[in-house]
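As structure tokens, the structure follows; a few thoughts come after it.
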Amino acid sequence: MNTANNAPQPDPEALVDIYRRMLRIERNDDAILTTIRKGRLRMPYYSARGQEVIAATVSHLLRKEDQICTIYRGIQDMVAKDMPLKPLWAEIAGGVDGTCKGKGGPMHLTHPETGVMVTTGVVGSSMPIANGLAWASLLDGSDRVVVAYFGDGASNIGAFHESLNLASVWKLPVLFVCSNNGYAEHTSFSNGTSVDQISKRAIGYGMPGYTVDGNDPWDMYAHAATAVERARAGEGPTLLECMTFRFHGHVFGDDSKYMAPGELDAAKARDPLPIFRQRLLDEGHASEDQLDQMREEIEAEVAEAREFGLASAPPSVEELRRDVFAGEMAA
Amino acid sequence: MSTTKMNSLQAVNSALHQALGEDEKVIVLGEDVGDREGGGVTGATKGLSDKYGDLRVRSTPISEQAIIGAGIGAAMAGYKPVAEIMLMNFTTVAMDMIFNHAAKLRFMSGGQTSVPLTIRTLTGAGWQTAGQHADHLEGWFAHAAGMKVVCPSNPADYKGLLLSCIQDPDPCLFIESAGSLFVPMDVPDDQGPIPLGKANVAIQGKDVTIVTWSAQTVRAKAAIAELDKLGISAELVDLRTVSPWDRDTVLASAEKTGRVLVAHEAVRDFGPGAEISATIQEELFGKLKKPVRRLGAPKCPVPFAKVLEDAFIVQPDAMVAAVVDLMS
């Protein structure tokens, strides 16, 4: 939407990698939904079906040591950042083999090894912590960057405003990546937000802000690559407002009655995954066989992770006394 | 042993200089903490940014959530941040960051991440700052799993306990209490860390135990001087750390004297004194000569007018009266 003429463009290899990350997110999401419906998994689930391009593109541009802070609707961000799926599934199933030994659950998955530092269940709270990780990057003399993921609703909470201001004053290497999916829980964007574009708020904090087509990998790439380069170069933070839609409402079981008639169907007709797939084929960046094989491999990985996770034993009740502090608490 | 006479704020400054000098992972942030801004409203951070640089010692905007969030993130990345929240009432602005994140992330991540963050904050009645600048809220934080709550009462303890907080692997709230700031004492030049979770039997006695912390310890010492004139020998247990608190020392003293007064500056109802009293009575029922007495502030906001503020604070004479009653 605001792409400059010299904006970075993805090469075919990048496009295929972004597609692969999207497909991995979507196949994993589908498996979670199916497993919940079958009654094999009990958890609150905030699906990001429809929003895959955002995290897939951002993560394609990140290095392993780069870090992310995400939110309860964040499994797509973790999968895109290459969090291994086995401990992910064990965690959402409440198993001891989970990333957090079953103590965090689906809203709090953490995996520092792949840079997933915090997953918060509190709207807006990914941002203040991302700043601290970014400060540490400066103290380390590193060019590591940090991504704070959040939704449009979070742009109305105080933490957003405090964090953008501080990140700008301190020139922190942070990407503030807002997935604007049109709804904050059940409240529509226009009923809860004072501006027509969240990116305009960046002006108030002295940083670049862009409204991006979050369903378009080319537009996402151009802006996210620019933001990552800016952060790595020590030039400070960027706000990316990525326009998208969530296909399964706020939480699993949501009846979406608060939406305008036809709105959801119209969004599904713009499902980024099949559109992108077709374009990869049409432009000759990938073949049917290649993408089919990719899908099979991902589905096998997801199925194996799912069975691993569901078979994971529950944690010992002793865990209540562990990890509250560094030392185990007395019984 | 060489010593230096200092007050508690100078002790804090001394601890911070020592910690920053000894460990490059120690960093400081907060409103006005830099030397360009005067080195803190109380001077506690004076000289730090000039010596250790603006990247390690950073003044912040007036943004408490952002301050604690930045402290959490840096702590997770291996640093030992000391975040200053100018006044304890302002911690309420950052409560999500403190309570939901700093305190809980180690547990919620299954031990993969930790938050070795120290939060320094100042509070206390006595300066006529009224209802939004003076609350003693240690009970709020003591109720949170994963937080350590540290309440020093004299300059040596300020230095030693702050050094321990900074090196502790978990989040610590370090409360600087107005009524304990300006009682100077000789602090050993080599004052090292004082362990967290260990109480100090500051005065030995045989008739009654007074359990307290922070500025209330200063008032307890005045009360004990009066009790001494009445022929009552009171033992003073300065808790030093409210959470986790030193049950062994408190229970040993309570068992020895059989009479206990728990006194704090915080509001009495639902205050930390209730937890301590209940524990003593659960553990020592039958060995106590009298039920445990509690003293704390009335359940009203800290008032402005001097006469009201004086009445709000648990004064030494109220402690004397309570002990005399326990002895009857």
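Structure values in brief
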item: Residue list for the stretch B:58-74, restricted to those being in a helix (DSSP H, G or I) and either closer than 14 Å to residue A:158 by Cα or more than 7 Å from every other protein chain (Cβ to nearest Cβ) (or both); result: B:64, B:65, B:66, B:67, B:68, B:69
item: Residue within the stretch A:275-286 that is assigned to a loop (DSSP other than H, G, I, E, B), away from chain B (no Cβ under 14 Å) and within 30 Å of residue B:108 (Cα to Cα) present; result: no
item: Residue within the stretch B:108-129 that is surrounded by fewer than 24 Cβ atoms within 10 Å (Cβ to Cβ) and either at pLDDT below 95 or in contact with a Gly (Cβ under 6 Å, 6 or more places away or on another chain) (or both) present; result: yes
item: Positions within the stretch B:259-292 being crowded, with 16+ Cβ neighbours inside 10 Å, in a loop (DSSP other than H, G, I, E, B) and free of Cβ contacts under 8 Å to residues at least 40 places away in the same chain, in sequence order; result: B:268, B:288, B:292
item: Residue within the stretch A:29-37 that is in contact (Cβ under 8 Å) with a residue 12 or more places away in the chain, surrounded by fewer than 23 Cβ atoms within 10 Å (Cβ to Cβ), in contact with a Phe, Trp or Tyr (Cβ under 7 Å, 6 or more places away or on another chain) and not hydrophobic (A, V, I, L, M, F, W, C) present; result: no
item: Top-ranked residue in the stretch B:27-57 [being among the small types (Gly, Ala, Ser) and part of a loop (DSSP other than H, G, I, E, B); ranked as nearest to the chain's Cα centre (by Cα)]; result: B:44
item: Residue in the stretch B:152-159 that is out of contact with any Leu (no Cβ under 8 Å at 6 or more places or on another chain) and in a loop (DSSP other than H, G, I, E, B) present; result: yes
item: Residue ID - farthest from residue A:319 (Cα to Cα), chosen from residues in the stretch A:98-128 that are among the β-branched types (Val, Ile, Thr) and at the interface with chain B (Cβ under 8 Å from one of its Cβ atoms); result: A:122
item: Subset of the stretch B:58-87 [without any contact (Cβ under 8 Å) to a residue 40 or more places away in the chain and in contact with a Ser or Thr (Cβ under 9 Å, 6 or more places away or on another chain)]; result: B:58, B:59, B:63, B:64, B:65, B:66, B:67, B:69, B:76, B:77
item: Selection from the stretch B:16-57 of residues that are charged (D, E, K, R), within 14 Å of another protein chain (Cβ to nearest Cβ) and crowded, with 18+ Cβ neighbours inside 10 Å; result: B:25, B:31, B:56
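A quick yes/no check of all residues on (1) of a type in the set (Asp, Glu); (2) farther than 19 Å from residue A:122 by Cα; (3) free of Cβ contacts under 8 Å to residues at least 24 places away in the same chain; (4) surrounded by 18 or more Cβ atoms within 10 Å (Cβ to Cβ):
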| residue | (1), (2), (3), (4) |
| --- | --- |
| A:150 | no, no, no, yes |
| A:153 | no, no, no, yes |
| A:159 | no, no, no, yes |
| A:163 | no, no, no, yes |
| A:168 | no, yes, no, yes |
| A:172 | no, yes, no, yes |
| A:176 | no, no, no, yes |
| A:183 | no, no, no, yes |
| A:187 | no, no, no, no |
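To keep it simple, each residue is scored yes or no on (1) part of a helix (DSSP H, G or I); (2) within 11 Å of another protein chain (Cβ to nearest Cβ); (3) farther than 17 Å from residue A:58 by Cα.
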residue: A:130; (1), (2), (3): yes, yes, no
residue: A:135; (1), (2), (3): yes, yes, yes
residue: A:138; (1), (2), (3): yes, yes, yes
residue: A:144; (1), (2), (3): no, yes, no
residue: A:150; (1), (2), (3): no, no, no
residue: A:162; (1), (2), (3): yes, yes, yes
residue: A:202; (1), (2), (3): yes, no, yes
residue: A:207; (1), (2), (3): no, no, yes
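The values are calculated or read from the model by the stated rules, or taken from the named source; none is laboratory data. Quick caveat: nothing in here was measured; it's all calculated off a predicted structure. When we count neighbours, we look across all protein chains shown, and the Cβ atoms used for this are built from the backbone with ideal geometry, even at glycine.
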